[in-house]
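**Student:** Take this structure first; my questions come after.
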Amino acid sequence: MTGGVFNPHILGFFCHWCCYAAADAAGVSRYQYPPNVRVIRVMCTGRIDLRFILEAFGCGADGVFTGG
Amino acid sequence: MVEAGRSPNIEILTSARLEALEGKPGRFTASVHQEPRFIDDDKCTACGTCTMYCPMPIVDLFNERLNITRVPHIDYAQAVPTSYYIDPRACLRINYETCNLCAQTCTAQAIDFSQKPRELSLDIGAVILAPGFGRTDLSVLAKYGYGRFLNVVTSMEFERLTCASGPTEGRLVRLSDRKPLKKIAFLQCVGSRDETCGNGYCSSVCCMYAIKEASVAKEHDPDLEIALFFMDVRTQGKGFDAARERAEEKYGLRVIRARIPRVDQVDGRLALTWTTDDGKSCSELFDMVVLSEGLNAPKDAEAIAEIAGIELNHYGFCRTLVDSPLAASRKGVYVAGAFQGPKDIPESVTQASGVAAMASELLSEVRNTQTVSLSYPEEDKAIESEGPRIGVFVCHCGSNIAGVVDVDAVRDYAGTLPDVVFSRDTLYSCSQDALKGIATKIKGNRLNRVVIAACSPRTHEPLFQETLRSIGLNAALIEMVNIRDQCSWVHSQEPEAATEKAKDLVRMAVAKARLLEPLEKTTVDVSPTALVIGGGAAGMTAALCIAEQGFECVLVERSDQLGGNLRRLVWTMDGQEASKVLDDLIKRVDGHPMVRVMLEAQVKDVSGYVGNFTSSIVKGGQPVAVDHGVIVIATGGRENRPKSYKYGRNKRVLTQLELEESLAKGKGFLKNIKNIVMIQCVGSRGEDMSHCSRLCCAQAIKNALKLKGIKPNIRIYCLYRDMRTYGFSEDLFKEARKKGVIFIRYEPDRRPEVIERDGRIKVRVFDRLLEDEIDIFACLVVLSVGIAPGDNDALARVLKTPLTPEGFFLEAHVKLRPVELASEGIYLCGLAHGPKPLDESIAQAKAAAAKAAIPLAKGQAEVASTVSRVDKAACIGCGVCESLCPFNAIRLFRVNKRRKAETITASCKGCGICASHCPTLAISMGGFTDEAIMAQIHAFAGEKCV
Amino acid sequence: MGECHYQSGNYEAMIIAEICRQVLKDVGVNPERMVLEWASAAEAPRFVELITRYVSAVKAIGPLGSAEGEDKEAIIRMHLKAGVKAASARKVRTALGKLAKDIKKSGDYNPQIISDGVTKKVFPAFREERLAQEIQICLAETGPCKSADISEKTGGDIKEIGKILETLSRKELVKKQGSNWYGIGN
């Protein structure tokens, strides 16, 4: 929290072929969106292990966005 | 571009021109004259010192004369070769033997005034002409006040003004007083569709680029007011209409349908006066007027034509035919890009691949006799196995990143992270000199893990991997951080937050990099056969082209005969009989020893991967297994069947193709027919399908002219939204108007109606000029129904490949990879990709064939190294991985009576489902190990994590 | 959906997401903090919409821990720490693998079927394992405890905890002396 505004700390798991590509395309089109998400690229959402998500919350993530 | 510059089989001769071309196809001798650069591009490090010291200012031609540069300069940072050059016209050393400052200050000693022009004689097999387009004549621009009024600029100039690395660093200002712009007008069709300047054709690209430039301008300054003046809005490219509609809505762009004849200056502002199509007269003042200049034939087109021995069309572009759109009139000489006719980037890139196939067909016998292959030094295992020594390179990407993210801060922060022994910022990491620099730094600092914070690994990772390989490091020892596409570009309003995000992402990447391990790169043999799915014009062309390049081809067609939609076409746009084109294709396909045609056959299942596909093709109820190395999708599309306008209920309501078929049966069909009403965009652009079908406007005009030719006094009304007769078909549009075809524009919210009364049909349409509805009695109503996608779902599922929202196959990249799918080894052409006329389908089929032939010609395909690996000791043989693997890439086998799993490396696509589901955590994913991902998560959390 | 480059990876992810949501709910974390969304390579606008909406949703929920209730942060951390261990346990992973295998065989990835399957076949094993882990963490950190104290700390009901303690003592991971339980080993 800074200055009373809650700025969530969010971890993203993006599929290389889908969501990651869509995010790149959003960049090319210069769409703007909130800067709160930190992305871990995986080749497929199927790679995401239950441990990863729980670990992220255990480490204090306010949210986990998995995108395929 | 960088890739072309890096290929050992491409020699680039800059400042060169063709002087003569002797000989015959396969054995040409080309005489080439090359002007010196006066700077040795092998020695030049592109440091820019020469530009700094040169005392002679010259106008910067690359920046459209809006800027000043110096005699030694480089056009832009990513130019290939990435080397400066000297413009001899103003150079004091060259003209007066004085100065020589640049040569004295160049530490690389790259400047060489002893260079002389060279006359080269090249033995070559084929010639490809790609000289691009010429610029609109100043006299044409002058009609709009250009040259008299400073704030009248061309679209090319405006493009430079919006560019962050351009003359105003992206600030949008009036050129007269450098004050911020408030109101801009774009005038379309400057030097296009204009008889008075001799350019009757449509330049095809200006409508879309104007929308793009207007959008970029609004991104810079949301308060800008922008009006665009169109005659017709011609955004017929794949996905263009959707992009335009989004832009119009998002940015509030005003679209006005009027042609502005002149520009006046009033009190320092620019006055435009126009009449709307409902007859109102308007005038307004603007701060800047952008002239959307068209694409001309290249300035030296005539000289090129004479030297190369080819014909030009009446506009000075290279003349080609609908059925051979890439062949110039001299055998062995091919043409691609705007010289063949004005066109956008996707079509140009497609044609470029297509001509490569043409040349490859011609030269297939001598393939690989003169090629050089890249070899990499042996991997330095000693350095790789040392503890991590990480180098971080943070890219400015000009101002793309550095304009938002504090690159220096990110670089300094990276230097504080564990195991980082080196951190540096680079202006353009991907430029050739920067890559060289990165390689030197890696070696000099004994780095064994590299983090590049720049753009997307999807586009640039291969480039940096190549750099690692070139200095003996494993390609897997690099991790990219996407601080452009997913940071600076999307958080441009929040520079501080973007910088924080970039730091976090770098920290996460460094955490992963510490755990990166070398991965083995393997290759698999390619089965030298192509499977082409679909036997229409595109499929047959692709199959023939692959076969002519020397590879076997299986052509699968669902129906009982070859031909597809071409079978229904009667005349081509250039007046050829379509049946002749069809018969010729079929004859060549049937007679080709390398093509095996399977009719009434369907692909039911495909397994395997590039180089080693196995398909199950069902023919006559029986599945046949076919092994092949690549796949070309040419499944076509179909004529849309509308539910509206009484189609199917009244036999006097036809589609354009049905009209064509009826006309082909004889003139008797037109007996008693006096009035014909054509309705455009019946299925397309909204009603049944959201896309523009691209070819219906030209098809309607072609048929209208045919009708007028047979029966000159027939009355034809054409109801349209935008006539999209782009390119040279604009000539036909003009001819149709001259011959009395009446064109009435309608708005999508007031579509025409077909009304039946007392056995007669009338079409009711709102006439904007009369501001009233009018009824036109019609003996025939002809609908331009558009192109619907074929039944692509089943094949898309089998191939695991996505479709566009409209139902066409989605290419890997609209501009850069227009005929490839994201999955390796699968290519795309024809209507399966999207609606397009015959010549474009044929060019695209050639392009797909060119791409498909690459793995076939190489004989080997590299297997991705990110594959899973099973730890046999930990494996309990439960079989979960085997049953969950979507690619059958894991098999179970017995070791001492115990079941164990094993990855079939060549089939593995690296998804990692096996790893995330293994009960004993026995499977590790190359490049994405549990440890690495966990390290990223911990680094994400930073100090929050305990 | 169904557009996955890897054909079925997204389906497996649906199952993982479901168990994840059930676990989060169980340990007192708002399950809406975790989402699984789809945006294909061609859907940049959709991606932007999803991410924008999601960030506002998380903003509305509030910071992890403090938003779930006062003084909850430490206890949630403990639950999650044990949760990661449980997610690594062979028994839990086997149950998850088997469910994924069965659903794949049936070909029906209806969310209700996934949810029911997870509730019945994976979640109980997960909870038991998590509580077992928490008991051990608890005993290691605070020393000998009564089962009622353990129950209070871990949030497991007393009967359930009793059963798990019995199992753990059979495996000689804990032992009972008087009314107190001791951790063995660490």
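**Student:** Can you find, within segment A:43-52, the residue that is farthest from B:R246 (Cα to Cα) among those that are in contact (Cβ under 8 Å) with a residue 24 or more places away in the chain, of a type in the set (A, V, I, L, M, F, W, C) and within 7 Å of chain C (Cβ to nearest Cβ)?
**Tutor:** A:I48
**Student:** Restricting the search to segment A:25-42, which residues are open to solvent by less than 20 Å² (accessible area, probe 1.4 Å) and either in a loop (DSSP other than H, G, I, E, B) or more than 7 Å from chain B (Cβ to nearest Cβ) (or both)?
**Tutor:** Those that are open to solvent by less than 20 Å² (accessible area, probe 1.4 Å) and either in a loop (DSSP other than H, G, I, E, B) or more than 7 Å from chain B (Cβ to nearest Cβ) (or both): A:Y33, A:P35, A:N36, A:V37.
**Student:** Further question on the same structure: Can you tell me which of B:T459, B:T467 is under 30 Å from B:P8 (Cβ atoms), of a type in the set (V, I, T), within 28 Å of the chain's Cα centre (by Cα) and within 14 Å of chain A (Cβ to nearest Cβ)? Full working, then the answer.
**Tutor:** Values: B:T467 fails: within 14 Å of chain A (Cβ to nearest Cβ).
The conditions single out B:T459.
**Student:** If you don't mind, another one. Condition first: modelled with pLDDT of 90 or more and either more than 15 Å from A:A56 (Cβ to Cβ) or at the interface with chain A (Cβ under 7 Å from one of its Cβ atoms) (or both). Now tell me which residues in segment C:1-22 satisfy that. If you could, list the steps in order and put the result at the bottom.
**Tutor:** Initially, segment C:1-22 is screened for residues modelled with pLDDT of 90 or more, giving C:12-22.
Residues satisfying the conditions are C:E12, C:A13, C:M14, C:I15, C:I16, C:A17, C:E18, C:I19, C:C20, C:Q22.
**Student:** Within segment A:1-19, which residues are open to solvent by 10 Å² or more (accessible area, probe 1.4 Å) and either at the interface with another protein chain (Cβ under 7 Å from one of its Cβ atoms) or without any contact (Cβ under 8 Å) to a residue 40 or more places away in the chain (or both)? Let's see the steps before the verdict.
**Tutor:** The first filter runs over segment A:1-19 and keeps only residues open to solvent by 10 Å² or more (accessible area, probe 1.4 Å), leaving A:1-7, A:9, A:16-18.
If the condition is that a residue be open to solvent by 10 Å² or more (accessible area, probe 1.4 Å) and either at the interface with another protein chain (Cβ under 7 Å from one of its Cβ atoms) or without any contact (Cβ under 8 Å) to a residue 40 or more places away in the chain (or both), then A:M1, A:T2, A:G3, A:G4, A:V5, A:F6, A:N7, A:H16, A:W17, A:C18 are the ones that fit.
**Student:** I'm trying to understand the selection: among the residues of segment B:697-719, which are of a type in the set (K, R) and crowded, with 21+ Cβ neighbours inside 10 Å?
**Tutor:** Applying the first criterion (of a type in the set (K, R)) to segment B:697-719 yields B:702, B:706, B:708, B:711, B:715.
B:K702, the sole residue that qualifies.
**Student:** Also: Which condition number does B:A864 fail, the rest of (1) in contact (Cβ under 8 Å) with a residue 60 or more places away in the chain; (2) within 14 Å of chain A (Cβ to nearest Cβ) being met?
**Tutor:** B:A864 satisfies every listed condition except (1).
**Student:** Here's something else I'd like to know. Mind checking which residues of segment B:250-288 are under 34 Å from the mean Cα position of the chain (by Cα) and either open to solvent by 40 Å² or more (accessible area, probe 1.4 Å) or among the acidic types (D, E) (or both)?
**Tutor:** B:K250, B:G252, B:R254, B:V255, B:R257, B:R259, B:P261, B:D287, listed by residue number.
**Student:** Would you mind stating whether B:D583 is touching a residue at least 24 places away in the same chain (Cβ under 8 Å) and among the acidic types (D, E)?
**Tutor:** So B:D583 fails the test.
**Student:** Here are B:E494, B:E520: which of them is of a type in the set (D, E) and more than 29 Å from B:A932 (Cα to Cα)?
**Tutor:** Result of the check over B:E494, B:E520: B:E494.
**Student:** If I go through segment B:781-800 residue by residue, how many of them are out of contact with any Ser or Thr (no Cβ under 7 Å at 6 or more places or on another chain) and among the basic types (K, R)?
**Tutor:** Residues meeting the conditions: 1.
**Student:** Hey, another quick one. Counting only residues that are of a type in the set (D, E), more than 20 Å from B:D793 (Cα to Cα) and part of a strand (DSSP E or B), how many does segment B:613-659 have? Walk me through how you get there before you give the answer.
**Tutor:** To start, the set of residues in segment B:613-659 that are of a type in the set (D, E) comprises B:627, B:639, B:658.
In the following step, the residues that additionally are more than 20 Å from B:D793 (Cα to Cα) were identified as B:627, B:658.
So of that shortlist, the ones also part of a strand (DSSP E or B) come out as B:627.
So the count comes out to 1.
**Student:** Considering only segment B:873-946, give the helices (runs of 4 or more DSSP H) lying wholly within it that have at least 2 residues that are surrounded by fewer than 22 Cβ atoms within 10 Å (Cβ to Cβ) and away from chain A (no Cβ under 11 Å). Walk me through how you get there before you give the answer.
**Tutor:** Values: elements: B:880-884, B:913-917, B:930-941.
The qualifying helices (runs of 4 or more DSSP H) are B:880-884.
**Student:** Examine segment B:196-209 for a residue that is closer than 23 Å to B:N67 by Cβ and of a type outside the set (D, E, K, R), and state whether such a residue exists.
**Tutor:** The answer is yes; a qualifying residue exists.
Yes/no matrix, rows are residues, columns are (1) in contact with a Leu (Cβ under 9 Å, 6 or more places away or on another chain); (2) touching a residue at least 40 places away in the same chain (Cβ under 8 Å); (3) crowded, with 20+ Cβ neighbours inside 10 Å; (4) under 22 Å from C:D26 (Cα atoms):
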{"site": "C:E129", "(1), (2), (3), (4)": "no, yes, yes, yes"}
{"site": "C:I150", "(1), (2), (3), (4)": "yes, no, yes, yes"}
{"site": "C:G155", "(1), (2), (3), (4)": "yes, yes, no, yes"}
{"site": "C:L165", "(1), (2), (3), (4)": "no, no, yes, yes"}
{"site": "C:E172", "(1), (2), (3), (4)": "no, no, no, no"}
{"site": "C:K176", "(1), (2), (3), (4)": "yes, no, no, no"}
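**Student:** Tell me which residues, restricted to segment B:305-326, are in contact with a Phe, Trp or Tyr (Cβ under 8 Å, 6 or more places away or on another chain) and either in a helix (DSSP H, G or I) or over 24 Å from B:V814 (Cα atoms) (or both).
**Tutor:** Here is the first cut: in segment B:305-326, the residues in contact with a Phe, Trp or Tyr (Cβ under 8 Å, 6 or more places away or on another chain) are B:313, B:315, B:317-318, B:326.
Within segment B:305-326, B:N313, B:Y315, B:F317, B:C318 qualify.
**Student:** Going by the structure shown, is C:Q112 polar (S, T, N, Q), closer than 19 Å to C:V29 by Cβ and either more than 14 Å from chain B (Cβ to nearest Cβ) or open to solvent by less than 60 Å² (accessible area, probe 1.4 Å) (or both)?
**Tutor:** The answer is no for C:Q112.
**Student:** Still on this structure, please answer the following. Please state which one of B:A210, B:A247, B:A242 is open to solvent by less than 20 Å² (accessible area, probe 1.4 Å) and either modelled with pLDDT under 95 or polar (S, T, N, Q) (or both). Write out each step before concluding.
**Tutor:** Numbers: B:A210 fails: either modelled with pLDDT under 95 or polar (S, T, N, Q) (or both); B:A242 fails: open to solvent by less than 20 Å² (accessible area, probe 1.4 Å).
Just one listed residue meets the conditions, B:A247.
Condition check ((1) within 22 Å of B:I617 (Cβ to Cβ); (2) outside any loop (DSSP other than H, G, I, E, B)) across all residues:
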{"residue": "B:E496", "(1), (2)": "no, yes"}
{"residue": "B:P518", "(1), (2)": "no, no"}
{"residue": "B:L531", "(1), (2)": "yes, yes"}
{"residue": "B:Q561", "(1), (2)": "yes, no"}
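**Student:** Additional query: Output yes when any residue across segment B:679-696 is assigned to a helix (DSSP H, G or I), modelled with pLDDT of 95 or more and either open to solvent by less than 30 Å² (accessible area, probe 1.4 Å) or acidic (D, E) (or both), and no when none is. Give the steps one after another, and end with the answer.
**Tutor:** Restricting attention to segment B:679-696, the residues satisfying the condition of being assigned to a helix (DSSP H, G or I) are B:696.
Filter once more, keeping what is modelled with pLDDT of 95 or more: B:696.
Filter once more, keeping what is either open to solvent by less than 30 Å² (accessible area, probe 1.4 Å) or acidic (D, E) (or both): B:696.
Yes: one or more hits.
**Student:** Among the residues of segment C:65-109 satisfying the criterion of being within 8 Å of another protein chain (Cβ to nearest Cβ) and among the hydroxyl-bearing types (S, T, Y), which is farthest from the chain's Cα centre (by Cα)?
**Tutor:** C:T94
**Student:** Oh, and also: Quick one: what pairs do we get from segment B:718-743, first residue among the small types (G, A, S), second assigned to a loop (DSSP other than H, G, I, E, B), C-beta under 8 Å, 6+ apart or different chains?
**Tutor:** Sorted first by the residue in segment B:718-743, then by its partner, the pairs are B:G727/B:Y201; B:G727/B:S204; B:G727/B:G341; B:G727/B:P342; B:G727/B:K343; B:S729/B:M573.
**Student:** Shifting gears a bit: Among helices (runs of 4 or more DSSP H) lying entirely in segment B:377-473, which contain 3 or more residues that are at pLDDT below 95 and under 16 Å from B:R514 (Cβ atoms)? Full working, then the answer.
**Tutor:** Values: elements: B:381-385, B:407-415, B:432-444, B:457-470.
Hits in segment B:377-473: B:381-385.
**Student:** Restricting attention to helices (runs of 4 or more DSSP H) lying wholly within segment C:100-175, give those where 1 or more residues are out of contact with any Pro (no Cβ under 8 Å at 6 or more places or on another chain) and over 30 Å from C:E73 (Cα atoms). Explain how you work it out, then say what you get.
**Tutor:** Details: elements: C:111-117, C:123-142, C:147-154, C:158-170.
Qualifying helices (runs of 4 or more DSSP H): C:111-117, C:158-170.
**Student:** So which of B:R93, B:R89, B:R65, B:R37 is on the phi > 0 side of the Ramachandran plot and either part of a loop (DSSP other than H, G, I, E, B) or out of contact with any strand residue (DSSP E or B) (no Cβ under 6 Å at 6 or more places or on another chain) (or both)?
**Tutor:** Working: B:R93 fails: on the phi > 0 side of the Ramachandran plot; B:R89 fails: on the phi > 0 side of the Ramachandran plot; B:R37 fails: on the phi > 0 side of the Ramachandran plot.
Going through B:R93, B:R89, B:R65, B:R37 in turn, the sole match is B:R65.
**Student:** Name the residue, out of B:A857, B:A843, that is touching a residue at least 60 places away in the same chain (Cβ under 8 Å), more than 11 Å from chain C (Cβ to nearest Cβ), open to solvent by less than 30 Å² (accessible area, probe 1.4 Å) and of a type in the set (A, V, I, L, M, F, W, C).
**Tutor:** Being touching a residue at least 60 places away in the same chain (Cβ under 8 Å), more than 11 Å from chain C (Cβ to nearest Cβ), open to solvent by less than 30 Å² (accessible area, probe 1.4 Å) and of a type in the set (A, V, I, L, M, F, W, C) holds for just one of B:A857, B:A843, which is B:A843.
The values are calculated or read from the model by the stated rules, or taken from the named source; none is laboratory data. The model shown is predicted, which means the values in this text are computed figures rather than measured ones. Glycine gets a Cβ as well: all are built from the backbone with ideal geometry, and neighbour counts include every protein chain shown. The area values use the complete protein model at the heavy-atom level, side chains included, leaving out ligands, DNA and RNA. Shrake-Rupley method; radii C 1.70, N 1.55, O 1.52, S 1.80 Å.
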